[in-house]
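Visitor: One structure coming up, written as structure tokens, with questions to follow.
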Amino acid sequence: MNRKIVAGVVVVVVLAFAAVFSAACIVPGSDNELEVKYAEQMDAVVSLADSMTKNQLTYMDLIIPGARLIASDPDNMTQTTAILSDLYSSIPTFTIVAFSNETGHVAAVFPTNYRDTVIGNWSEHLNRYNTTKSPAFDIFNVRDHSVPGIVSPCISDNGTTIGYIISMIDPTYLFGEVAAKYENASSWRYWVVEDDGLILYTEYPKLYGKNMRSLDTPDRAGLYRVFELARENKSGSAVYTGYSYSDLKLMDYFVTWDTVPIDETGDHKHLVMITAKLNGRQNQVRPVSSTDQTLEEFVHSALIFANDVGKDAALAEFSRPDGQFTTKEYSVFAFDRNKTLLADAYTYNIIGNSLSYVVDSNGVEAGDLIHRRAMQGGGYVLYLYPNPAENMTEQLKLSYIVQADDDWYIAAGVFIDDSNLHVPAEVRENVTSYLRSVQKYAGSVDKDTAVATLNDPNGPYAPEDLRFFAMDYHGTILADPQYPEFVGENYLGMTDVFGSSITRDAIILAKEGGGKQYVYSPKERDEEGSELRLEYVLPAGDDWLILGAVTIE
């Protein structure tokens, strides 16, 4: 089976220049300086495209052997399931690994909570796969989310395609790690956009899966026009105006792009953009008011205001950067029970969109955590979020949530730690790989055997460089190789320093298929002080979970 990337790439480089050109027009290299800059950018374009190609080919090489084995014995679902399990447990960048028949029905999948899921738009993909007989990069719709992935046809000896291995990949790894190498060496910022406008990667995770065309708003309209220009013209340059949330003003950005094909068919094209500031064009009022209220008091005052003036007037006030509920200390946001953002003074361009898109750089689904806490009646939640007062640097944010009415909620947050809390990708991958291997083992033996093995501090699954334990869905510790005295203890009522029920939160995450959360809690045993941990939770069976945590310092 040959490997090909069934895709093309358009690379757009946005670079800051001293000169200002007319907005959204094609600007050829008109002088020596621009020609030199243009050449530098084209070198980056080719290098980036090559790196992305190699990255995707690496993933294909990991999938092809499994596809061959499945094709050699297509009726052996035990073997198929084992192959998928191996891929999922050993490659932490894969978010979903599935085997599908030719109708798009998922016959086997990891994680198992995606069983019986139908992959959307499947018929649109079939012709290409059956024609190329090669692994391909593509975009799929899974539970109303657009997800990038690699598809590898399982082809029998007689040339019949009996199904497909589909490996969905976290775009942070698929594109982000490659782009980060260039971002760290320059002031450029990358976007990866599908030819039809689907955003696959950006430094703003909340925009993953959205369409570039939906950004035709006052703050992003210029970027949208650049996207249309890049689709129509193989190469060129332009200036667009966009809103900078770090500067709270409109900024000019200079753009240069070129098209770099990386396959034989060009069925897909990717637009890769790198943004940098030129100069400011319009100042936006920064918050000048201050409050001595606590976070809880501030949110409750917003609730009283909403009860007095009504929902519509309150939402309008909450969305004003110079409003009474946007202070130096806090700013209010609001959302409904369907996760739709209703008000936000700083990110008005995503009002009306789902909080599900709010995912921080550690992979924590912050929007879902906020919504889950609201569904529990309110309270505190921790997550990383860009701080507008600190050049949009991601910092630890503590938000407090209250219910405003039957169908909407009011919240506000405060940044409580300005240190770098990003967990390195290698650490996150190692923890994910470890937990998936434990999950795989737990599914291969009976519960008692698994628990006994996990309690062995010298056993094959003894943890290294992380905190680990297993717990049932009633909050009782089943296995703890590091602190065996905790086994049998019940921690269902355990809370963090903010009063959040962290054990119940972990159980909910496990029942939903797994996830991550931040916990700020007292140190274990007799150690003094508190510590911030990033916890990874996975279900280990029908009624118990496994949890791995790394301390963030």
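The values are calculated or read from the model by the stated rules, or taken from the named source; none is laboratory data. Keep in mind that what you see is a predicted model, and the values were worked out from it rather than measured. Here the Cβ positions follow ideal geometry from the backbone for every residue, glycine too, while neighbour counts run over all protein chains shown.
Visitor: Give the stretch 340-379 a look and list any residue that's in contact with a Ser or Thr (Cβ under 8 Å, 6 or more places away or on another chain), closer than 17 Å to Ala404 by Cβ and in a strand (DSSP E or B), or say none.
Guide: Answer for the stretch 340-379, where residues must be in contact with a Ser or Thr (Cβ under 8 Å, 6 or more places away or on another chain), closer than 17 Å to Ala404 by Cβ and in a strand (DSSP E or B): Thr340, Leu341, Ala343, Asp344, Gly379.
Visitor: Of these, Tyr518, Tyr491, which one is among the aromatic types (Phe, Trp, Tyr) and closer than 28 Å to Asp456 by Cβ?
Guide: One residue alone meets the criteria, Tyr491.
Visitor: Right, another one. Do we find that Leu466 is surrounded by 15 or more Cβ atoms within 10 Å (Cβ to Cβ) and either assigned by TED's automatic domain parsing to the domain that holds Val332 or of a type in the set (Ser, Thr, Tyr) (or both) in this structure? Steps first, answer last, please.
Guide: Working: surrounded by 15 or more Cβ atoms within 10 Å (Cβ to Cβ): yes; either assigned by TED's automatic domain parsing to the domain that holds Val332 or of a type in the set (Ser, Thr, Tyr) (or both): no.
No.
Visitor: How many residues are crowded, with 17+ Cβ neighbours inside 10 Å, in contact with an Asp or Glu (Cβ under 8 Å, 6 or more places away or on another chain) and not polar (S, T, N, Q) when one looks only at the stretch 383-414?
Guide: Pass one, the stretch 383-414, residues crowded, with 17+ Cβ neighbours inside 10 Å: 383-388, 392, 394-402, 404, 408-413.
The next check asks that each one be in contact with an Asp or Glu (Cβ under 8 Å, 6 or more places away or on another chain); those that pass are 383-387, 394-396, 400, 408-409.
Checking the rest, the ones that are also not polar (S, T, N, Q) come to 383-386, 394, 396, 400, 408-409.
Count: 9.
Visitor: From the residues in the stretch 301-333 that are among the aromatic types (Phe, Trp, Tyr) and not in a helix (DSSP H, G or I), which one is modelled with the lowest pLDDT? Spell out how you get there, then give the answer.
Guide: Within the stretch 301-333, the subset among the aromatic types (Phe, Trp, Tyr) is 305, 318, 325, 330, 333.
From what is left, the residues that are not in a helix (DSSP H, G or I) are 325, 330, 333.
Numbers: Phe325: 92, Tyr330: 89, Phe333: 94.
Restricting to residues being among the aromatic types (Phe, Trp, Tyr) and not in a helix (DSSP H, G or I), the top hit is Tyr330.
Quick grid of which residues meet (1) in contact with a helix residue (DSSP H, G or I) (Cβ under 9 Å, 6 or more places away or on another chain); (2) farther than 27 Å from Thr95 by Cα:
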{"residue": "Asn353", "(1), (2)": "yes, no"}
{"residue": "Val358", "(1), (2)": "yes, no"}
{"residue": "Asn362", "(1), (2)": "yes, no"}
{"residue": "Asp368", "(1), (2)": "yes, no"}
{"residue": "Arg372", "(1), (2)": "yes, no"}
{"residue": "Gly377", "(1), (2)": "no, yes"}
{"residue": "Pro386", "(1), (2)": "no, no"}
{"residue": "Glu390", "(1), (2)": "no, yes"}
{"residue": "Leu396", "(1), (2)": "no, no"}
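Visitor: Further question on the same structure: Which condition breaks for Thr131 when tested against (1) modelled with pLDDT of 70 or more; (2) part of a helix (DSSP H, G or I); (3) surrounded by fewer than 16 Cβ atoms within 10 Å (Cβ to Cβ)?
Guide: For Thr131, the failing item is (1).
Visitor: Something else: Of these, Asp336, Asp292, which one is modelled with pLDDT of 90 or more, over 30 Å from Gly222 (Cβ atoms) and not small (Gly, Ala, Ser)? Write out each step before concluding.
Guide: Details: Asp292 fails: modelled with pLDDT of 90 or more.
Answer to the selection: Asp336.
Visitor: If you don't mind, another one. Answer yes if at least one residue in the stretch 139-149 is surrounded by fewer than 20 Cβ atoms within 10 Å (Cβ to Cβ) and either assigned to a loop (DSSP other than H, G, I, E, B) or modelled with pLDDT of 85 or more (or both), and no otherwise.
Guide: Checked against the condition, which is being surrounded by fewer than 20 Cβ atoms within 10 Å (Cβ to Cβ) and either assigned to a loop (DSSP other than H, G, I, E, B) or modelled with pLDDT of 85 or more (or both), the stretch 139-149 yields at least one hit.
Visitor: For the stretch 357-381: of the residues being of a type in the set (A, V, I, L, M, F, W, C) and buried (at least 19 other Cβ atoms within 10 Å of the Cβ), which is nearest to the chain's Cα centre (by Cα)? Can you show your working first?
Guide: First, the residues of the stretch 357-381 that are of a type in the set (A, V, I, L, M, F, W, C): 358-359, 364, 366, 369-370, 374-375, 381.
Retained after the next criterion (residues that are buried (at least 19 other Cβ atoms within 10 Å of the Cβ)): 358-359, 364, 366, 369-370, 374, 381.
Numbers: Val358: 8, Val359: 5, Val364: 7, Ala366: 10, Leu369: 13, Ile370: 15, Ala374: 21, Val381: 18 Å.
Across the stretch 357-381, the extreme among qualifying residues is Val359.
Visitor: Show me the strands (runs of 3 or more DSSP E) found entirely inside the stretch 383-476 where at least 2 residues are modelled with pLDDT of 90 or more and either of a type in the set (S, T, N, Q) or under 30 Å from Phe335 (Cα atoms) (or both).
Guide: Qualifying strands (runs of 3 or more DSSP E): 393-403, 408-417.
Visitor: Oh, and also: Answer with yes or no whether Met42 is buried (at least 21 other Cβ atoms within 10 Å of the Cβ), among the aliphatic types (A, V, I, L, M), in a helix (DSSP H, G or I) and modelled with pLDDT under 90.
Guide: Values: buried (at least 21 other Cβ atoms within 10 Å of the Cβ): no; among the aliphatic types (A, V, I, L, M): yes; in a helix (DSSP H, G or I): yes; modelled with pLDDT under 90: yes.
Considered against the rule, which asks whether it is buried (at least 21 other Cβ atoms within 10 Å of the Cβ), among the aliphatic types (A, V, I, L, M), in a helix (DSSP H, G or I) and modelled with pLDDT under 90, Met42 comes out as no.
Visitor: For residues that are free of Cβ contacts under 8 Å to residues at least 24 places away in the same chain and among the acidic types (Asp, Glu), scanning just the stretch 407-459, find the one that is farthest from Phe94 (Cα to Cα).
Guide: By that ranking, first place goes to Asp448.
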